[in-house]
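Q: Have a look at this one before I ask anything.
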Amino acid sequence: ARAGDLCRASEAWVEGVAVDWQAFRAKPVRKLCLPTYPFECKPYWVGTALPLPVAPAVVPFADQGGLASTLIRIAAEYRGLSPDVITPDATFGELGFDSIGMMTLVSRLTAAMPDLNLGDKADRLLQAKSLRALMAIADSDGHDTRPDTPEIVDLHLYAQGQKQNKANITIAYPVLHLGKAPQSQAQLVIDETHPLFFDHPLDHVSGLQLAEAMCQLGRATALHQQGLDPRAAVFMRQLRFDFPAVCAKKAAEISLRADPESAHAYRGEVTQAGLVVAQGHLVFADSDADTRQRSGEALREPAIGRRISKARVNKSHARNVLLADLGSDGNSLRARLRVSPKADFYGDFTGPAEDGIVLLEAVRQIMRAISTDEKHSAGKGGLGLLRHMEIILNRTVWQGEAVEFYANTQGSMVVGGAALLSVQGDIVAPDGAEHIGRFATSATQVAPELYQAWSQKVAGKRDGI
């Protein structure tokens, strides 16, 4: 059969001509898979038109206490639609809501109507297929879980929404246990190929990664409880972390609770086989006052200043160094913040501000630079173990903003093969024009043989010896 014969044969077959289809199968043919669903049965031949189906009547919402109007308004605002086009029986898929959209809708509704205590029903609300079904769940009395079995909210999408590069997510299976004392929990992710947390070989999990894990769980929890979009920018004004024990490269659990003594604050800890290896206190900034970008403020700008050597702060890759123009003034050390655009982790935070974890890493590097001085060393080849990190900000530090660190040592105490070094200081605008915040950190520098003996003792506690 020649090209075009099949088309002409098909036209003849439509006109009623008997066609020998075997003649077209002289050569092997490729079979096609037809759809498994039925085609829409609407005839289009002249003279056989069927009557148009009558659309079912739309049953309007019963607006109990403003629930319906609030729900429609939130759904319309999220989708950028007029409330008039939102139909109560349309599925969320038809309305264009994905899983993140559903979490945003439920979170905003929970925040808009606090008297309904919708947080206790969050998991069932997320399973609703339409606005009408969601409102029925929200308007129902109580929930069907037992008092001693609190409902669980999956925070996975909130954690994912805060990172563009999923390799920078340091927590897995984050959930919020609802009830009288809500608590968030997650598992620690240990990736030894991570370009920052394992910039150089380590036999333990760094304190910075443990701090970031608590922050990621804190952001996800705060986003849900405040009814914010999972991709919304969240900033922390105060961060404090203590590390009472070394975290081995094994399974560990992060937990977080709201701080009853402080608004927008959480207390967290990381445990490993029943042993607390890290504790944290996180204070979030007020969303409107501290997270909006200043008029005309640029985001990440080209780094300026001469970056200090990577060896000075114990880094294998220069892009992970955050300090430039290092200098000293008596017992003080000063340095300028310099964030490389090539460092993926430092820039992988939502919003226009430098994240508190980035600033804490700069503080840790300052202490490391000080510890390389001969008078603060516990001996050649000593291993630095982070003990404490803290930062308190008076305002947001914007990406690309020129800021300087002024650090003072509180002295070092050497005992045997270990030295405790404490550093504190201030974060200021250039030339001291503005005091932006303050910081403190401490570490124990341990001789290798002492560290090995100590590690064996801690391992014995984990194993119950």
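The values are calculated or read from the model by the stated rules, or taken from the named source; none is laboratory data. What you see is a predicted model; the values in this text were computed from it and never measured. So basically every Cβ, Gly included, is an ideal-geometry build from the backbone, and we count neighbours across all protein chains shown. Accessible surface is based on the protein model in full, side chains and every heavy atom, while ligands, DNA and RNA are left aside. Shrake-Rupley method; radii C 1.70, N 1.55, O 1.52, S 1.80 Å.
Q: Of the chymotrypsin sites (Phe, Trp or Tyr not before Pro) in the stretch 198-278, which ones lie in a loop per DSSP and count no more than 12 other C-beta atoms within 10 Å?
A: Details: sites: Phe198, Phe235, Phe241, Tyr266; in loops: Phe198, Phe235.
Taking the stretch 198-278 and a limit of 12 other Cβ atoms within 10 Å, no loop chymotrypsin sites (Phe, Trp or Tyr not before Pro) are found.
Q: While we're looking at this one, here's another question. Given all pairs of different Cα atoms, what value in angstroms does the Kirkwood hydrodynamic radius of the stretch 110-221 take? Intermediate values should be presented prior to the final figure.
A: Numbers: mean 1/r = 0.0620 Å⁻¹.
The Cα-based Kirkwood calculation yields 16.1 Å.
Q: May I ask you to give the solvent-accessible area per residue for the stretch 146-263, in square angstrom, as obtained with a 1.4 angstrom probe?
A: Values: 5010 Å² over 118 residues.
About 42 Å² of surface per residue is accessible.
Q: Also: If you roll a 1.4 angstrom probe over the protein chains with everything in place, what fraction of the accessible area of the stretch 133-236 belongs to carbon and sulfur, to the nearest %? Can you show the working numbers first?
A: Values: 2370 of 4320 Å².
Ligands and nucleic acids excluded, carbon and sulfur give 55 percent.
Q: Sort Lys180, Lys250, Lys163 from largest to smallest accessible area, using a 1.4 Å probe on the heavy atoms of the protein chains. Could you put the intermediate results ahead of the total?
A: Values: Lys180 215, Lys250 130, Lys163 10 Å².
Of Lys180, Lys250, Lys163, the descending order of accessible area is Lys180, Lys250, Lys163.
Q: Using θ = phi - 60° and the Karplus form 6.51 cos²θ - 1.76 cosθ + 1.60, what ³J(HN,Hα) does each residue of the stretch 249-254 get, whole Hz, x for Gly and Pro?
A: 7, 9, 4, 8, 10, 9
Q: Under the rule of at least 5 residues apart or a separate chain, name every residue whose amide H is placed under 5 Å from the amide H of Leu385.
A: Sorted by chain and number, the residues that satisfy this are Thr444, Gln445, Val446.
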